[in-house]
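First comes the structure, then the notes that go with it.
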Amino acid sequence: MTTIRTVAERAGVSMKTVSRALNNPDSVSSNTRERILAVAEALNFVPDQRARGMRLGRSGVVGLLTDVIASTPCAVDIVRGVEDYLSEQGYSMLIGNTESRAGSSEAVLRGFRASRVEGVLYAATYHRLAEEFHPPPSMPSVLVNCFHSTPDLPTVVPDEERGGYAAIEHLLSLGHRSITYLTLAPEIEATRLRMKGALRAMREAGISATTESFAVTGQTGTGAFSQAEAYEAAHNLLLRRVRPTAIFCGNDEMALQVFNAAADLGIAIPEALSVVGFDDHRLFSEGMRPGLTTVALPYQKMGRLAAELLLNELGGSTQRGVVRVDGPLVVRASTRAVDGKAAPARKARSRASAKLVSP
């Protein structure tokens, strides 16, 4: 195996000079540095980052603690975002999965400490209070897609309120005035915040709306999504004597059940009913026909930003509190104007951005 001694002997310099050339390039002359790098490349020399970390008192490793997020099709983008940024900065990542087992969070954190991780990211499957996460005082921590009772803990979450506003603003721009919000469980943070944004958009358009008049519960529990419950809620809503011309759904899975209920009742989408989802879960939004207009959750951007905040904290620059990340409205073919025209492409607005894609 090639060692730093081998590189030094081949390049005709000391091991200390090789170390400086690899770790602090500006400390040696350009000619010496180029000669050392050429030798290292020819010998396929790979520096021992673990040994370097021990010398510097650092491991170069960050822990990512999750609640089954690594197996969630959409939210796995958080992991991608974290990994991309860490890799660019020369860090590696350990992943620990709690799977909602009692005490598993503490067990994973103990393992992280044994592996000398420098900091930890905690990522949740959906936007919620992370009661089970107890960050060690000595370990810098950042939350992703969740929040904590400790108010100054660095936190990155989607801008749910702006997402709700963007969905309703889009439908209003198409002339819809009879709109219903088919919600996830009422106690979910995302439901409350999206409702706030949606009602604000309605009020700004001069439409009187309240939670009671505007919303219909499509899911009563916070556990696994119930297709049957969502279908029944959508079916009953579409059976009303005066049914809405547009439905804003709590997620794309719920939008699929609206599609199913509408098909069973002979209601054409988007000719007789416009539908907007939330998540931009590609298996649904791109696989449905017509393609689903939806608000994208910016998971990859959130993961990347959270990793950046953590490394900034490790470097002594701490940003406390909550950072909200805006997700774009992706306009597909499931929405159209009430006069029968297809949904138009439109420029990004200051409050809500949108992009038009093919059905």
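The values are calculated or read from the model by the stated rules, or taken from the named source; none is laboratory data. Computed from a predicted structure; not experimentally measured. With ideal geometry, Cβ positions are generated from the backbone for all residues, glycine too; neighbour counts draw on all protein chains shown.
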Legend entry - Listing of strands (runs of 3 or more DSSP E) fully contained in segment 121-210 that carry 3 or more residues being within 18 Å of Thr245 (Cβ to Cβ): 179-183
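Kindly indicate which of Val322, Val295 is crowded, with 23+ Cβ neighbours inside 10 Å, closer than 30 Å to Met93 by Cα and either of a type in the set (S, T, N, Q) or out of contact with any Cys (no Cβ under 6 Å at 6 or more places or on another chain) (or both). Give the derivation first.
On the way: Val322 fails: crowded, with 23+ Cβ neighbours inside 10 Å.
Testing whether each residue is crowded, with 23+ Cβ neighbours inside 10 Å, closer than 30 Å to Met93 by Cα and either of a type in the set (S, T, N, Q) or out of contact with any Cys (no Cβ under 6 Å at 6 or more places or on another chain) (or both) leaves just Val295.
Only one of Phe284, Phe214, Phe225 is touching a strand residue (DSSP E or B) at 6+ places or on another chain (Cβ under 6 Å) and at negative phi; which?
Numbers: Phe284 fails: touching a strand residue (DSSP E or B) at 6+ places or on another chain (Cβ under 6 Å); Phe225 fails: touching a strand residue (DSSP E or B) at 6+ places or on another chain (Cβ under 6 Å).
Among Phe284, Phe214, Phe225, only Phe214 is touching a strand residue (DSSP E or B) at 6+ places or on another chain (Cβ under 6 Å) and at negative phi.
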Inset, instruction - Identify all residues within segment 213-236 that are part of a strand (DSSP E or B) and either outside the structural domain of Arg177 (by TED's automatic domain parsing) or β-branched (Val, Ile, Thr) (or both); write none if there are none. - result: Val216, Thr217
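So in segment 237-269, with the set limited to residues that are polar (S, T, N, Q) and part of a loop (DSSP other than H, G, I, E, B), which one is farthest from Glu187 (Cα to Cα)? Step through it out loud before you land on a result.
Going residue by residue through segment 237-269, those that are polar (S, T, N, Q) are 245, 251, 257, 260.
Subset that is part of a loop (DSSP other than H, G, I, E, B): 245, 251.
Working: Thr245: 26, Asn251: 15 Å.
Filtering segment 237-269 for residues that are polar (S, T, N, Q) and part of a loop (DSSP other than H, G, I, E, B), the one farthest from Glu187 (Cα to Cα) comes out as Thr245.
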Inset, instruction - Please identify the pairs in which a residue from segment 177-189 that is closer than 12 Å to Glu212 by Cβ has its Cβ atom under 7 Å from the Cβ atom of a residue that is of a type in the set (Phe, Trp, Tyr) and modelled with pLDDT of 95 or more, counting only partners at least 6 apart or on another chain. - result: Tyr181/Phe248
Inset, instruction - Give segment 172-181 a look and list any residue that's touching a Phe, Trp or Tyr at 6+ places or on another chain (Cβ under 7 Å) and among the aliphatic types (A, V, I, L, M), or say none. - result: Ile179
Legend entry - Which numbered condition Val117 fails, given (1) surrounded by fewer than 20 Cβ atoms within 10 Å (Cβ to Cβ); (2) more than 18 Å from the chain's Cα centre (by Cα); (3) among the aliphatic types (A, V, I, L, M): (1)
